[in-house]
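> One structure coming up, written as structure tokens, with questions to follow.
The values are calculated or read from the model by the stated rules, or taken from the named source; none is laboratory data. Worth saying up front: this structure is predicted, and the values here are computed from it rather than measured. For neighbour counting, all protein chains shown are included, and Cβ atoms are generated from backbone atoms with ideal geometry for every residue, glycine included.
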Ligand code: ACM
Ligand code: ZN
């Protein structure tokens, strides 16, 4: 039987013979600079695997392919030659550990599943209105106060008593090291200037009103944003980023920049004065200027900032300032950024948001999305990323149920782009790799649960959204009328 491999290799030829392939099979390695970065050639002949690669990542991916071949062919495997390399340099998965925090041991399982399908970025969302999860020595209240919330209710997902937790620096280093061994770069996200209630609950003086507030206990978009008219804001942000840069050796730091209401800025004298000094009348530009300054600080430390696409709206950000992650709305600004040479990560809400029900985003819809076509220039889509937000999910089983096999689907598109062989082929390979994937420690929903009856899609979507307290916010953000 032919092997099942995810992502499907770019080129695979069967050369006629039969080999024994098992966990003890000999693997010979050699190097060639002619193989593209992260790519490899793999042959199986006379019971021996031979890998040719130009870098360590290529060897790692080839070994992962060997694992999948061994798992799906048993001991009788057709001799083959594979030539393989990724379409996108950035192949990411995210996990929101701010709304709900997950065990380090569970994060490792997810990382193993992502590594098995050759993903190479873990975007770790660590701060939000509902919790701050990363210790910052210079501002200890961020975790002492900002990591705790009272009795939560995320649309019926209720947690009695206090919900709290944050990672120790050693645990963060452990994840960074674990990922590095799997050729995965960790990109931490610290949200600013919005989604900052946990900061303001800890240090109210950084808000426009200075009023004491509590860490949020439900989902939503909140007015409690950083006061950009307060000069001390940069002391706070730069101190946070200094410690983040120390912990995360990668090239990128995600600084958020999405869903930032202007309500408090409009009423704030300090913000008005600052905007006047900057010669700015438009609050989109006010945000853009802030993101630009933070990105410049990160650049001075050798890092590139990533921001969500809303921050482009003010027109302040140039391609050299930031990389942009696209999720929803305002496409024209993102297109303009790309046509000037800017790079984006494509995480389209309607296709790559994996926390939504299959009724809303069936697997085939995710598979059939063509990220390469969203770029304005050849390299403007630098990569793609699967998103996992956790307002409505508080168990690792819940994460797996929603994330798998979407993770593998997005990994296949990230690796193959428009060479991807199609959804039906994917599902067959996915089922054959089920056991190997589950060995990572992730539980996969039963096959029947992955199929959606088209007649039930609308009722199930309504059921999902019904009763969301701020349904209008979600609706507005979906239809981009915010
Ligand atoms: C986002 O989902 N607010 C980036
Ligand atoms: Zn202000």
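> So which residues in region 328-348 are more than 16 Å from ligand 1 (Cβ to nearest atom) and crowded, with 21+ Cβ neighbours inside 10 Å?
Correct list: 337, 338, 342, 343.
> One residue is enough: does region 197-217 have a residue meeting the conditions surrounded by 15 or more Cβ atoms within 10 Å (Cβ to Cβ), in a loop (DSSP other than H, G, I, E, B) and within 16 Å of ligand 1 (Cβ to nearest atom)?
So far as region 197-217 goes, yes, one or more of its residues are surrounded by 15 or more Cβ atoms within 10 Å (Cβ to Cβ), in a loop (DSSP other than H, G, I, E, B) and within 16 Å of ligand 1 (Cβ to nearest atom).
So that you can scan it fast, the table gives a plain yes or no per residue for (1) under 20 Å from residue 323 (Cβ atoms); (2) more than 16 Å from ligand 2 (Cβ to nearest atom):
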{"residue": "229", "(1), (2)": "no, no"}
{"residue": "246", "(1), (2)": "no, yes"}
{"residue": "256", "(1), (2)": "yes, yes"}
{"residue": "265", "(1), (2)": "no, no"}
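> Let me ask something else about it. Within region 117-150, count every residue that is in contact (Cβ under 8 Å) with a residue 40 or more places away in the chain, surrounded by fewer than 24 Cβ atoms within 10 Å (Cβ to Cβ) and part of a helix (DSSP H, G or I).
Qualifying residue count, region 117-150: 2.
> What are the residues in region 178-194 that are crowded, with 19+ Cβ neighbours inside 10 Å and more than 16 Å from ligand 2 (Cβ to nearest atom), if any?
Scanning region 178-194 gives 179, 182, 183, 184, 186, 187, 188, 189, 190, 191.
> What residue, among those in region 283-327 that are within 16 Å of ligand 1 (Cβ to nearest atom) and closer than 18 Å to residue 245 by Cα, is surrounded by the fewest Cβ atoms within 10 Å (Cβ to Cβ)?
Step by step, filter region 283-327, then rank; the result is 323.
> If residue 375 satisfies all but one of (1) in contact with a strand residue (DSSP E or B) (Cβ under 8 Å, 6 or more places away or on another chain); (2) closer than 19 Å to residue 259 by Cα, what's the number of the condition it fails?
The failed condition is (2).
> Determine, yes or no, whether residue 110 is assigned to a strand (DSSP E or B), modelled with pLDDT of 95 or more and touching a helix residue (DSSP H, G or I) at 6+ places or on another chain (Cβ under 9 Å).
Against the criterion (assigned to a strand (DSSP E or B), modelled with pLDDT of 95 or more and touching a helix residue (DSSP H, G or I) at 6+ places or on another chain (Cβ under 9 Å)), residue 110 does not qualify.
> With (1) surrounded by fewer than 17 Cβ atoms within 10 Å (Cβ to Cβ); (2) assigned to a strand (DSSP E or B) as the list, and residue 43 as the residue in question, which single condition is left unmet?
(1) is the only condition that residue 43 fails.
> Then there's this: Looking at 405, 371, which one is surrounded by 14 or more Cβ atoms within 10 Å (Cβ to Cβ), modelled with pLDDT of 95 or more, more than 16 Å from ligand 2 (Cβ to nearest atom) and under 23 Å from the mean Cα position of the chain (by Cα)?
405
> Another question, if that's okay. Looking at 253, 244, 240, which is the one that is farther than 13 Å from residue 303 by Cα and outside any loop (DSSP other than H, G, I, E, B)?
240
> Output the qualifying pairs, or none if there are none: Cβ atoms under 6 angstrom, residues six or more apart or on different chains, first residue in region 225-239 and over 16 Å from residue 295 (Cβ atoms), second residue within 16 Å of ligand 1 (Cβ to nearest atom).
225/193; 225/194; 225/196; 225/260
Per-residue answers, yes or no, for (1) under 30 Å from residue 174 (Cβ atoms); (2) within 13 Å of ligand 2 (Cβ to nearest atom); (3) touching a helix residue (DSSP H, G or I) at 6+ places or on another chain (Cβ under 6 Å):
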{"residue": "198", "(1), (2), (3)": "yes, no, no"}
{"residue": "214", "(1), (2), (3)": "no, no, yes"}
{"residue": "224", "(1), (2), (3)": "no, yes, yes"}
{"residue": "234", "(1), (2), (3)": "no, no, no"}
{"residue": "251", "(1), (2), (3)": "yes, no, no"}
{"residue": "274", "(1), (2), (3)": "no, yes, no"}
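> Which residue out of 182, 173 is touching a helix residue (DSSP H, G or I) at 6+ places or on another chain (Cβ under 6 Å) and modelled with pLDDT of 95 or more?
Exactly one of 182, 173 is touching a helix residue (DSSP H, G or I) at 6+ places or on another chain (Cβ under 6 Å) and modelled with pLDDT of 95 or more, namely 182.
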